[in-house]
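Novice: Handing you this structure, nothing more for now.
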Amino acid sequence: MFDKIASSKWKHIVMYITVFAFVATSLVAILIYKFSGEINGVAEVNGREIPFYHFNYAYEMATRNLQAQNIDPTQFKKEIVKEVIDDLIQTELIYQEAEKEGLVATFQQVKEEILNIPAFQVNGKFDKQLYIQTINSLGLSPEGFEEILRKELTVNNVRAILLSSLYVSDDEVETFTKKQLTNISGEVTLIKPKEPIITDQQIKDYYEKHKKDYASSKDKKIVVYRIDIQKLGEDKAQAVAKESFTNLKSGKPVSPDAEKLYEDTLTNIKSKTDLPSDLISGMESLSENKDILFLKNGNSYYIAKYLGEVYQETPFESVKESIARKLKEEQTQKAIEELQKSNQTLVDLLKNNQTIRENVDNITLQELIVKYGIKADDSGKILNLKLGQTSTPINVREGIMIFNLTGISQPDKNKVEEMKKSILPLVKNQKFNDIYRMYVDKLKEKAKIKINKRILENG
């Protein structure tokens with residue numbers, strides 16, 4: 001694959017971005033999403049739709065990842081939806097570009113990757129049946145999973161090409177290290193939005209709207225009908241069963257000769273001993289996509305219909321405090337974003353918000369960045385100050401910072417040399433991320449993108 005770099009436009013892309021990414025006045029491409037509900041997929045990129053099963057798989061993987069970290073994904077549903085859509089669009093953009101250059105992952109690559117995935121192996125060897133069962137449990141066919149995997153591997157191919165062309169000089173490493181270890185002192189003015197007040201009514205309204213998210217358990221509601229062959233005779237029983245199945249499927253009343261046995265949750269129905277086991281197992285697979293089951297067992301016809309999900313609500317008082325914290329965090333974050341986007345003068349910022357003043361004494365820039373959550377791109381606003389100067393407003397984790405420099409000293413040479421030994425991967429990673437971000441932004445700028453607004457509204 002890499003032998004194609006020299007003769008392809010990737011070489012020029014890498015050279016262009018490498019130069020462009022480190023110009024202080026570089027422009028960041030802005031993507032304006034065109035929302036549309038007139039597409040069938042989750043999004044459309046340059047006329048090509050991203051299927052919903054791509055979204056469902058990516059969303060499932062994202063939520064499982066959070067659960068593995070003991071984080072409740074239901075609290076961040078909207079954020080996860082947005083991030084998954086953004087990632088899918090980015091993947092599709094890169095895939096389309098790779099198609100033009102003949103850099104799409106081969107079917108052999110996909111096959112080898114699948115064979116080496118531990119989740120599909122038994123005793124260290126690929127097991128086809130386990131593979132099918134696993135991807136089916138994720139709502140995917142083998143073709144669908146392989147398509148998703150092929151796109152992921154293609155993105156990895158592109159990233160590998162960009163990374164292979166990346167060069168970090170000794171001067172870059174030294175400059176980066178010195179910046180991180182420069183010792184500074186100063187006065188910090190932290191401007192934060194006023195703390196939001198969350199009312200009991202807001203908490204109650206949120207709970208009523210999101211009860212499902214706080215359900216302690218969920219189940220399927222199912223109705224079961226039986227048509228007695230001995231009672232009605234074979235011909236009439238068959239006719240009644242056919243009519244009832246058709247009517248039930250279309251939402252019409254069933255025949256009076258069809259006996260309603262149960263209308264209850266699947267859990268409760270499964271406890272009944274008068275139902276055949278194959279009916280029970282069949283009902284377990286019922287869902288919105290497959291909502292009706294027809295079965296003949298012995299002297300009876302059975303019809304089961306999925307009626308929807310039911311939830312065991314968690315009492316309001318049990319979740320009241322967690323909802324209050326969530327609403328407070330959301331409103332605080334929203335207020336921070338609005339504060340950082342506002343065009344208020346410094347006087348108005350100080351007057352209309354909370355202000356905290358504190359001193360920092362002889363700490364490294366690295367420590368200052370971590371303490372206040374300063375973005376790496378904004379570190380120059382402090383490093384370029386002269387003694388006694390005050391910075392322009394800097395966006396930080398909790399709001400806006402104003403920094404007055406009262407002292408600066410060069411880093412300890414021994415510490416610089418020590419840090420240089422381990423800093424190269426970090427510098428290379430940061431440079432690569434800048435290059436990759438610029439490349440993706442450039443693709444977005446040229447692309448025609450639509451997002452299915454329904455998925456955002458329901459997220």
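The values are calculated or read from the model by the stated rules, or taken from the named source; none is laboratory data. Everything numeric in this text was worked out from a predicted model, so none of it was measured. Neighbour counts run over all protein chains shown; Cβ positions are idealised from the backbone, glycine included.
Novice: Check off (1) part of a helix (DSSP H, G or I); (2) in contact with a Leu (Cβ under 8 Å, 6 or more places away or on another chain); (3) more than 23 Å from residue 214 (Cβ to Cβ) for residue 105 and give me the number that stays unchecked.
Specialist: Result: residue 105 fails condition (1) only.
Novice: Sort out which residues of the stretch 174-193 are in contact with a strand residue (DSSP E or B) (Cβ under 6 Å, 6 or more places away or on another chain) and either surrounded by fewer than 14 Cβ atoms within 10 Å (Cβ to Cβ) or in a helix (DSSP H, G or I) (or both), and write them in order of number.
Specialist: 181 - this is the single residue of the stretch 174-193 that is in contact with a strand residue (DSSP E or B) (Cβ under 6 Å, 6 or more places away or on another chain) and either surrounded by fewer than 14 Cβ atoms within 10 Å (Cβ to Cβ) or in a helix (DSSP H, G or I) (or both).
Novice: Which of the residues that make up the stretch 371-388 are loosely packed, with under 13 Cβ neighbours inside 10 Å and either part of a strand (DSSP E or B) or modelled with pLDDT of 90 or more (or both)?
Specialist: 373, 386, 387, 388 - these are the residues of the stretch 371-388 that are loosely packed, with under 13 Cβ neighbours inside 10 Å and either part of a strand (DSSP E or B) or modelled with pLDDT of 90 or more (or both).
Novice: Out of all the residues in the stretch 356-395, which are charged (D, E, K, R), in contact (Cβ under 8 Å) with a residue 24 or more places away in the chain and out of contact with any Ser or Thr (no Cβ under 6 Å at 6 or more places or on another chain)?
Specialist: Correct list: 358 only.
Novice: In addition: What is the residue count in the stretch 393-447 for residues that are modelled with pLDDT under 85, surrounded by fewer than 17 Cβ atoms within 10 Å (Cβ to Cβ) and not in a helix (DSSP H, G or I)?
Specialist: Here the count works out to 3.
Novice: Conditions: (1) within 24 Å of residue 333 (Cβ to Cβ); (2) out of contact with any Pro (no Cβ under 9 Å at 6 or more places or on another chain); (3) not acidic (Asp, Glu). Residue 452 meets all but one. Number of the miss?
Specialist: If we test residue 452 against (1) within 24 Å of residue 333 (Cβ to Cβ); (2) out of contact with any Pro (no Cβ under 9 Å at 6 or more places or on another chain); (3) not acidic (Asp, Glu), just (1) comes out false.
Novice: Hey, another quick one. Out of the residues in the stretch 448-459 that are at pLDDT 85 or above and outside any loop (DSSP other than H, G, I, E, B), state the one that is farthest from residue 166 (Cα to Cα).
Specialist: 452
Novice: Return only the number of the condition from (1) without any contact (Cβ under 8 Å) to a residue 12 or more places away in the chain; (2) part of a loop (DSSP other than H, G, I, E, B) that residue 268 does not satisfy.
Specialist: Evaluating residue 268 over (1) without any contact (Cβ under 8 Å) to a residue 12 or more places away in the chain; (2) part of a loop (DSSP other than H, G, I, E, B) leaves (2) as the failure.
Novice: Taking the conditions exactly as written (under 28 Å from residue 287 (Cβ atoms), touching a helix residue (DSSP H, G or I) at 6+ places or on another chain (Cβ under 6 Å), surrounded by 18 or more Cβ atoms within 10 Å (Cβ to Cβ) and in contact (Cβ under 8 Å) with a residue 60 or more places away in the chain), does residue 120 satisfy them or not?
Specialist: For residue 120, the condition - under 28 Å from residue 287 (Cβ atoms), touching a helix residue (DSSP H, G or I) at 6+ places or on another chain (Cβ under 6 Å), surrounded by 18 or more Cβ atoms within 10 Å (Cβ to Cβ) and in contact (Cβ under 8 Å) with a residue 60 or more places away in the chain - is not met.
Novice: Exactly one of these conditions fails for residue 135: (1) out of contact with any Pro (no Cβ under 7 Å at 6 or more places or on another chain); (2) surrounded by 11 or more Cβ atoms within 10 Å (Cβ to Cβ). Give me its number.
Specialist: Residue 135 satisfies every listed condition except (1).
Novice: Scan the stretch 282-302 and tell me whether some residue there is within 34 Å of the chain's Cα centre (by Cα), part of a strand (DSSP E or B) and surrounded by 17 or more Cβ atoms within 10 Å (Cβ to Cβ).
Specialist: Checked against the condition, which is being within 34 Å of the chain's Cα centre (by Cα), part of a strand (DSSP E or B) and surrounded by 17 or more Cβ atoms within 10 Å (Cβ to Cβ), the stretch 282-302 yields no hits at all.
Novice: Then there's this: Suppose the filter is assigned by TED's automatic domain parsing to the domain that holds residue 55 and of a type in the set (Val, Ile, Thr); does residue 449 pass it?
Specialist: Details: assigned by TED's automatic domain parsing to the domain that holds residue 55: yes; of a type in the set (Val, Ile, Thr): yes.
Answer is yes for this residue.
Novice: Considering each of 171, 213 in turn, give the residue that is more than 31 Å from the chain's Cα centre (by Cα), acidic (Asp, Glu) and part of a helix (DSSP H, G or I).
Specialist: Step by step, each of 171, 213 is checked, and only 171 is more than 31 Å from the chain's Cα centre (by Cα), acidic (Asp, Glu) and part of a helix (DSSP H, G or I).
Novice: Here is a further query. Is it the case that residue 225 is under 30 Å from residue 307 (Cβ atoms) and under 24 Å from the mean Cα position of the chain (by Cα)?
Specialist: no
Table: residues versus (1) closer than 13 Å to residue 302 by Cα; (2) loosely packed, with under 14 Cβ neighbours inside 10 Å.
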position: 237; (1), (2): yes, no
position: 240; (1), (2): yes, no
position: 248; (1), (2): yes, no
position: 252; (1), (2): no, yes
position: 264; (1), (2): no, no
position: 269; (1), (2): no, no
position: 277; (1), (2): yes, yes
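Novice: All but one of (1) at pLDDT 90 or above; (2) surrounded by 12 or more Cβ atoms within 10 Å (Cβ to Cβ) hold for residue 342; state the number of the condition that does not hold.
Specialist: The number of the failed condition is (1).
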